[in-house]
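Peer 1: Okay, here's the structure, questions in a sec.
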Amino acid sequence: MKAYICVVKNVLFLLALFMLLKPVLPVIDYVVNYEYISKVLCVNKAKPKMHCNGKCHLMKELAKTSENDAPISSDKKVPSRQFEVLFLEEIKSFKIAPVYFFETEKTNSNYSNLYFRLNSASVFHPPIFIS
């Protein structure tokens, strides 16, 4: 089962890679077959001063690829769709109450008298051991 999943993942990866590289395929073909394209398929091979070297063929191939991948042209307009609202529910407004964290409340004086705190200036030190 694991081998099957691994094969499926590899196939999907290769398919995605092909879809991403599809617009670049004519350029790769031009680089790989440069000699053949520049000598046989070049339209301007009779005019060596232009230094075309098959770039005209590459431009034609790129134009074909872009035509195939182009979305629907602006000449063919898709009819606009109209939507009807069938149900309408009024959304009631609400108000967020502000929260104050820095408000100080008055302390109860009865509570403050229930404990005793000794403010002593002397600090406890352990006895010094003299031997």
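Peer 1: If you count, for each residue, the other Cβ atoms within 10 Å and average over each peptide, how do 22-33, 87-98, 7-18 line up from highest to lowest?
Peer 2: With the highest mean Cβ count within 10 Å placed first, the list reads 22-33, 7-18, 87-98.
Peer 1: Count the net charge of all other residues whose Cβ sits under 14 Å from the Cβ of Lys60, scoring Lys and Arg as +1 and Asp and Glu as -1.
Peer 2: -1
Peer 1: Report in % the part of the accessible area of region 1-56 that belongs to carbon and sulfur, leaving out ligands and nucleic acids; probe 1.4 Å.
Peer 2: About 73 percent, which is the carbon plus sulfur part of the accessible surface.
Peer 1: Between Phe83 and Ile5, with labels modelled 7 Å along Cα→Cβ, what's the label distance in nm to one decimal, could you check?
Peer 2: 3.9
Peer 1: Let me ask you something else. Taking the Cβ of Ile28 as the centre, find all other residues whose Cβ is under 13 Å away and add up their charges (Lys, Arg: +1; Asp, Glu: -1).
Peer 2: -1
The values are calculated or read from the model by the stated rules, or taken from the named source; none is laboratory data. Keep in mind the model is a prediction, meaning the values are calculated, not measured. FYI the Cβ positions are ideal-geometry reconstructions off the backbone, even for glycines, and counts take in every protein chain you see. The area values use the complete protein model at the heavy-atom level, side chains included, leaving out ligands, DNA and RNA. Shrake-Rupley method; radii C 1.70, N 1.55, O 1.52, S 1.80 Å.
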